[in-house]
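Written below as structure tokens is the structure these notes are about.
The values are calculated or read from the model by the stated rules, or taken from the named source; none is laboratory data. For clarity, every value in this text was computed on a predicted model and none was experimentally measured. Glycine gets a Cβ as well: all are built from the backbone with ideal geometry, and neighbour counts include every protein chain shown.
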Amino acid sequence: MRDRLTARAAIAALTTEFEELVESGVADHDTDGDGPLSWAGYADSRARAAARTGEEESVVHGLASIGGRSCVLVSFEFGFLGGSLGRRTGDLLEAAYEAARTRGLPLVSLIATGGSRMQEGMVALTQLQRVARASARLRAAGPAQLAVLRDPTTGGGWATLGAGADVILALPGAQVGFAGSRVRPADADPHAYTAEGQLAAGQIDAVVPPDELPETVARWLQALHAPGSPALGPAPVPDALSATGLPVTGWDAVRQARSPSRPRAEAYLDAYFDHRLPLGGDRCGGTDPGLRCGFGRRDGRTIAYVAQCGTATRPAGYRTAARVIRLADRLGVPVLTLIDTPGAANDAEAERAGAGAAIAGTFAAIAEARVPVTTLVIGEGGSGGALALAAPGNTYVTQDSYFSVIAPESAAAILKRTPDEVRATADQLRLRPQDLVELGIARAVVRPDPSED
């Protein structure tokens with residue numbers, strides 16, 4: 001799909017109110033000349049672009065309301081020299097970030113750019129440093145940054161405003177990539193440079209059809225700009241969804257946790273949240289289909305979530321989890337984690353993908369979090385791959401779960417025991433829910449809500 005909306009048409013399609021900001025600190029660079037390089041004909045090119053688009057530069061910014069949610073909005077005008085970034089573009093972008101910082105508002109960027117402006121050479125390229133610095137200042141101040149990738153989003157625009165945002169949405173079929181169509185290798189896979197390809201590679205969070213974009217962005221602004229009040233405390237512990245009784249033996253606990261009929265993460269998340277906004281991908285080229293991450297709304301409150309779905313968690317999953325936990329911590333949003341994994345993936349591919357470092361990053365994200373983290377073990381709690389997502393001192397367990405230093409089969413193998421000793425080993429590991437409470441690992445065994453009977 002070719003999105004060739006003008007900057008203002010893109011704004012109008014998304015917002016209910018928009019007030020353009022004209023910043024006094026923005027210099028009127030080179031409007032009467034051929035720019036910092038004295039590039040012959042550059043002034044004429046700018047004049048033609050201005051006449052064609054009605055804009056004086058490749059970006060427009062201002063205060064906006066999207067679904068009743070306030071933000072600072074930046075929109076690129078691709079018709080103005082391909083939406084390229086020059087020195088004056090840098091001024092306007094820096095002003096937009098500063099407006100968001102001083103007003104304490106999220107920044108939403110509607111990006112459509114071919115990259116840096118050739119007619120300004122290195123002067124244009126160094127605007128990326130200015131954008132990166134302004135983005136870092138806004139991030140340090142707290143407000144979230146959300147990017148909408150239009151067609152195309154390439155070059156420095158992708159590598160700063162786009163890929164540097166906290167939440168990255170894209171329109172279907174948009175061209176997205178650091179290399180533009182005229183400079184990438186001739187034999188390159190074209191799918192890699194699309195919104196869909198970037199989604200599959202874990203570089204963006206969602207591909208959103210144009211008619212769904214206003215509601216999606218409004219919901220994200222509600223979630224990201226409505227942090228949970230510290231006075232409300234941690235995320236509430238979910239009710240158990242299974243009436244299974246407590247296991248008698250350790251092996252009973254393992255069997256119950258591994259039962260195909262046991263409720264999984266999706267059921268818990270659906271029951272817990274009024275609605276959810278998923279985040280996906282580790283921003284390093286990977287995704288983990290066995291992990292659910294994002295922000296959700298519950299009783300008018302925003303809560304971030306990370307939920308394992310019963311599979312071995314891969315390095316990309318741990319990196320995604322750490323990303324979400326750190327974002328929630330920055331925004332002051334409490335976190336809920338649901339544990340259900342036989343353990344971290346330990347195949348050769350996982351090792352090459354940095355399993356150890358990824359798990360360490362998740363441990364660190366939990367340890368460093370200033371916001372409260374609530375954990376519920378809803379199935380298997382296998383070794384460090386599960387513990388990495390557990391909140392010290394605020395972990396709960398369901399009756400059909402277990403938590404162990406390692407799966408009993410692996411424990412028996414490590415201890416050089418025979419297969420028929422696995423069940424006895426499970427008892428010795430004291431991995432049942434009631435054992436975990438007695439040992440002080442879990443605070444309580446969670447049961448179903450009696451009002452649901």
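Please go through segment 392-438 and pick out each residue that is in a loop (DSSP other than H, G, I, E, B) and surrounded by fewer than 22 Cβ atoms within 10 Å (Cβ to Cβ).
Initial filter on segment 392-438 (in a loop (DSSP other than H, G, I, E, B)): 392-394, 399-401, 405-407, 415-418, 430-432.
The answer is PRO392, GLY393, ASN394, GLN399, VAL405, ILE406, LEU415, LYS416, ARG417, THR418, ARG430.
Check segment 218-240 and report whether any residue there is in a strand (DSSP E or B) and either under 21 Å from the mean Cα position of the chain (by Cα) or closer than 26 Å to ASN394 by Cβ (or both). Step through it out loud before you land on a result.
First pass over segment 218-240, keeping only residues in a strand (DSSP E or B): 240.
After this cut, where a residue has to be either under 21 Å from the mean Cα position of the chain (by Cα) or closer than 26 Å to ASN394 by Cβ (or both) as well, the list is 240.
Yes, segment 218-240 has at least one match.
Among the residues of segment 318-362, count how many are touching a strand residue (DSSP E or B) at 6+ places or on another chain (Cβ under 6 Å), farther than 23 Å from ILE441 by Cα and not in a helix (DSSP H, G or I).
1
Report yes if some residue within segment 39-56 is at pLDDT 95 or above, surrounded by fewer than 18 Cβ atoms within 10 Å (Cβ to Cβ) and β-branched (Val, Ile, Thr); otherwise report no.
No, the conditions are met nowhere in segment 39-56.
Across segment 231-251, what is the total count of residues that are touching a Leu at 6+ places or on another chain (Cβ under 9 Å) and surrounded by fewer than 20 Cβ atoms within 10 Å (Cβ to Cβ)?
Our first condition is that a residue be touching a Leu at 6+ places or on another chain (Cβ under 9 Å); within segment 231-251, this holds for 234-238, 240, 250.
This time we only want the ones that are surrounded by fewer than 20 Cβ atoms within 10 Å (Cβ to Cβ), so: 234, 236-237.
Residues in segment 231-251 being touching a Leu at 6+ places or on another chain (Cβ under 9 Å) and surrounded by fewer than 20 Cβ atoms within 10 Å (Cβ to Cβ): 3 in total.
How many of the residues making up segment 252-293 are surrounded by fewer than 16 Cβ atoms within 10 Å (Cβ to Cβ), in a loop (DSSP other than H, G, I, E, B) and of a type in the set (A, V, I, L, M, F, W, C)?
Of the residues in segment 252-293, 0 are surrounded by fewer than 16 Cβ atoms within 10 Å (Cβ to Cβ), in a loop (DSSP other than H, G, I, E, B) and of a type in the set (A, V, I, L, M, F, W, C).
State whether one or more residues within segment 358-366 are of a type in the set (Phe, Trp, Tyr), out of contact with any His (no Cβ under 8 Å at 6 or more places or on another chain) and buried (at least 22 other Cβ atoms within 10 Å of the Cβ).
The initial filter retains those residues of segment 358-366 that are of a type in the set (Phe, Trp, Tyr), namely 363.
Next cut, out of contact with any His (no Cβ under 8 Å at 6 or more places or on another chain) only: 363.
With buried (at least 22 other Cβ atoms within 10 Å of the Cβ) added as a condition, the list becomes none.
No, segment 358-366 contains no residue that is of a type in the set (Phe, Trp, Tyr), out of contact with any His (no Cβ under 8 Å at 6 or more places or on another chain) and buried (at least 22 other Cβ atoms within 10 Å of the Cβ).
Taking into account only those residues within segment 294-305 that are among the charged types (D, E, K, R) and not in a loop (DSSP other than H, G, I, E, B), which is farthest from ILE378 (Cα to Cα)?
Of all residues in segment 294-305, those among the charged types (D, E, K, R) come to 297-299, 301.
Next, from what is left, pick out any that are not in a loop (DSSP other than H, G, I, E, B): 297-298, 301.
Values: ARG297: 21, ARG298: 20, ARG301: 23 Å.
So the residue we want is ARG301.
Can you run down the residue pairs with Cβ atoms below 6 Å, 6 or more apart or on separate chains, where the first is in segment 285-299 and at positive phi and the partner is among the charged types (D, E, K, R) and part of a strand (DSSP E or B)?
Close Cβ pairs satisfying both conditions: GLY294/ARG276.
Give the number of residues within segment 57-69 that are farther than 19 Å from VAL131 by Cβ and either buried (at least 21 other Cβ atoms within 10 Å of the Cβ) or at pLDDT 95 or above (or both).
5
Checking GLU212 against (1) within 19 Å of GLU77 (Cα to Cα); (2) surrounded by fewer than 24 Cβ atoms within 10 Å (Cβ to Cβ), which single condition isn't satisfied?
(1)
Against the condition closer than 20 Å to GLY86 by Cα, buried (at least 24 other Cβ atoms within 10 Å of the Cβ) and touching a residue at least 40 places away in the same chain (Cβ under 8 Å), how does GLY180 come out, does it pass? Steps first, answer last, please.
Working: closer than 20 Å to GLY86 by Cα: yes; buried (at least 24 other Cβ atoms within 10 Å of the Cβ): no; touching a residue at least 40 places away in the same chain (Cβ under 8 Å): yes.
No; evaluated as a whole, the condition is false for this residue.
If we keep just the residues of segment 311-343 that are among the β-branched types (Val, Ile, Thr) and over 10 Å from GLY385 (Cβ atoms), which is surrounded by the fewest Cβ atoms within 10 Å (Cβ to Cβ)? Spell out the reasoning first.
Of the residues in segment 311-343, the ones among the β-branched types (Val, Ile, Thr) are 311, 313, 320, 324-325, 333, 335, 337, 339, 341.
Filter once more, keeping what is over 10 Å from GLY385 (Cβ atoms): 311, 320, 324-325, 333, 335, 337.
Details: THR311: 16, THR320: 30, VAL324: 25, ILE325: 26, VAL333: 22, VAL335: 28, THR337: 28.
If we take residues in segment 311-343 being among the β-branched types (Val, Ile, Thr) and over 10 Å from GLY385 (Cβ atoms), then THR311 is surrounded by the fewest Cβ atoms within 10 Å (Cβ to Cβ).
Take the residues in segment 105-160 that are assigned to a strand (DSSP E or B) and hydroxyl-bearing (Ser, Thr, Tyr); name whichever of them is nearest to the chain's Cα centre (by Cα).
Keep residues of segment 105-160 that are assigned to a strand (DSSP E or B), which gives 107-113, 116, 145-154.
Filter once more, keeping what is hydroxyl-bearing (Ser, Thr, Tyr): 109, 113, 116, 153-154.
On the way: SER109: 16, THR113: 23, SER116: 26, THR153: 19, THR154: 20 Å.
My answer is SER109.
Tell me which residues, restricted to segment 93-113, are in contact with a strand residue (DSSP E or B) (Cβ under 6 Å, 6 or more places away or on another chain), under 17 Å from GLY156 (Cβ atoms) and surrounded by fewer than 24 Cβ atoms within 10 Å (Cβ to Cβ).
If the condition is that a residue be in contact with a strand residue (DSSP E or B) (Cβ under 6 Å, 6 or more places away or on another chain), under 17 Å from GLY156 (Cβ atoms) and surrounded by fewer than 24 Cβ atoms within 10 Å (Cβ to Cβ), then no residue fits.
Quick check on this structure: which one of ASP435, ASP400 is within 19 Å of LEU387 (Cα to Cα), charged (D, E, K, R) and touching a Lys or Arg at 6+ places or on another chain (Cβ under 6 Å)? If you could, list the steps in order and put the result at the bottom.
On the way: ASP435 fails: touching a Lys or Arg at 6+ places or on another chain (Cβ under 6 Å).
Only one candidate passes the filter, namely ASP400.
Just checking, which of ALA165, ALA218 is surrounded by 18 or more Cβ atoms within 10 Å (Cβ to Cβ), more than 23 Å from THR320 (Cβ to Cβ) and not assigned by TED's automatic domain parsing to the domain that holds ARG447? Explain how you work it out, then say what you get.
Numbers: ALA165 fails: more than 23 Å from THR320 (Cβ to Cβ).
Of ALA165, ALA218, the one residue that is surrounded by 18 or more Cβ atoms within 10 Å (Cβ to Cβ), more than 23 Å from THR320 (Cβ to Cβ) and not assigned by TED's automatic domain parsing to the domain that holds ARG447 is ALA218.
How about segment 114-142: which of its residues are over 26 Å from ARG326 (Cα atoms) and surrounded by 18 or more Cβ atoms within 10 Å (Cβ to Cβ)?
Residues satisfying the conditions are GLY114, GLY115, SER116, ARG117, GLN119, GLU120, VAL123, ALA124, GLN127.
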